[in-house]
Amino acid sequence: MRTRRLLSLVLRSATAATLAAAGYIHAVLYVDEYRFVHVIGPLFLLQASASFALAALLLVGTPPLLLRVAVAGVAAGALAGFAASRTVGVFGFTEHGLRPAPQAALSLVAETGTLVLLALWQITAPGRGRAITPPRGAPAWNRAGTPPR
């Protein structure tokens, strides 16, 4: 039991770290390159702000499911925006390959890492997926869910 709680803490902290790293990359890209790009620039700033805020909330304590869904949404949204900007374009803006280098590759790694860690954390969270056992001395229940006679 204690091992599961420690694992949950490590996964929660690692998820927050990868999310904050993705936010930092987006903040740097906003300041250095995308600040003056119409619509895209503010979206980079929004992505950075949301990533930092959610990473901080993850560290406060065991977050509710809604917060974890928001974290997954931010990471998946960034990956979707990355893919769209390299294929169909986003608001008329397109890029090619892993440019700007190395931020594009680092962002992909951080956001994918966030999703993987979040999934592992959800799977291994304490109190999930355990069978309910009757207290000692209580009658055992059969498979149909009724007590023995």
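Some observations on this one:
- Pairs of alpha carbons in the stretch 1-53 separated by more than 15 Å make up 53% of all such pairs.
- Distant-in-sequence amide contacts of E95, defined by a placed amide H-H separation under 5 Å and a gap of 5 or more residues or a different chain, comprise R86.
- Per the Kirkwood formula applied to alpha carbons, the stretch 62-101 shows a radius of gyration over Rh ratio, Rg over Rh, of 1.18.
- Solvent-accessible area per residue, Å², over the stretch 1-56 with all protein chains present [probe radius 1.4 Å]: 57
- Each Lys or Arg adds one and each Asp or Glu takes one away; over the other residues whose Cβ falls under 12 Å from the Cβ of T114, this sums to +1.
The values are calculated or read from the model by the stated rules, or taken from the named source; none is laboratory data. For clarity, every value in this text was computed on a predicted model and none was experimentally measured. Glycine also receives a Cβ, built like all others from the backbone with ideal geometry; neighbour counts cover every protein chain displayed. These area figures cover heavy atoms from the full protein model, side chains too; ligands, DNA and RNA do not enter into them. Shrake-Rupley method; radii C 1.70, N 1.55, O 1.52, S 1.80 Å.
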